[in-house]
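A quick write-up on the structure given underneath.
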Amino acid sequence: MSPQGSGGARRAAIAVGKLGRPHGTRGEIKLDAFFDTDVIERLVGARLILTRITPPFRRELVFQSLRPGPGRDIAKFEGYDAPETVREITNCSVAAPRELMPALPPGRYYTEEIIGLPVTDPGGAPLGVLAAVIPAGGRDVWEIRAPNGGETLIPCSPGTLVSVDMERGIIVMRPPAMEEE
């Protein structure tokens, strides 16, 4: 069931949260979760991917536990048993393998699944590749990177998004200049 397009995006890891600072004396750390608690709790026992750009960090760690905390959830990862050691993972992004995430209803997808998919106009002319989804208040803006390296920003709306075909691995968008056509 993976797309045929260049994205291969269905195998992507899904961002589930961002780690804050250490909490307490047992190697726990604050977690800003991007999903409801029940989704995050189902990941306990799984190997999650922790990454950070600066300073560079990438490691897979077993997610040991999750509990409610003051304002944020409190997470624990295997091998981190003291505040001094858990500081190493401060400010890391946390991602889960796609297969561990809940199935979504038809017509819905995780952002990470569509990044890298080719984008065409309704007539099939290539517009480029979806490079980023930028949250912009009530409507996301999609960054399309053209084959010549140029970038186009298209607000994602019912008037511009024609379809996302996960089976074929392709997105069809109607750029704003084409909306009236």
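The values are calculated or read from the model by the stated rules, or taken from the named source; none is laboratory data. Note that the structure is a prediction, hence the values are computed from the model and not measured. With ideal geometry, Cβ positions are generated from the backbone for all residues, glycine too; neighbour counts draw on all protein chains shown.
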Looking only at region 122-135, which residues are touching a helix residue (DSSP H, G or I) at 6+ places or on another chain (Cβ under 7 Å) and at pLDDT 95 or above? LEU130
I'd like to verify a number: residues in region 62-98 that are closer than 27 Å to THR111 by Cβ and assigned to a helix (DSSP H, G or I), how many? 2
Could you look through region 21-71, keep only residues that are β-branched (Val, Ile, Thr) and touching a strand residue (DSSP E or B) at 6+ places or on another chain (Cβ under 6 Å), and pick out the one that is farthest from GLU84 (Cα to Cα)? ILE40
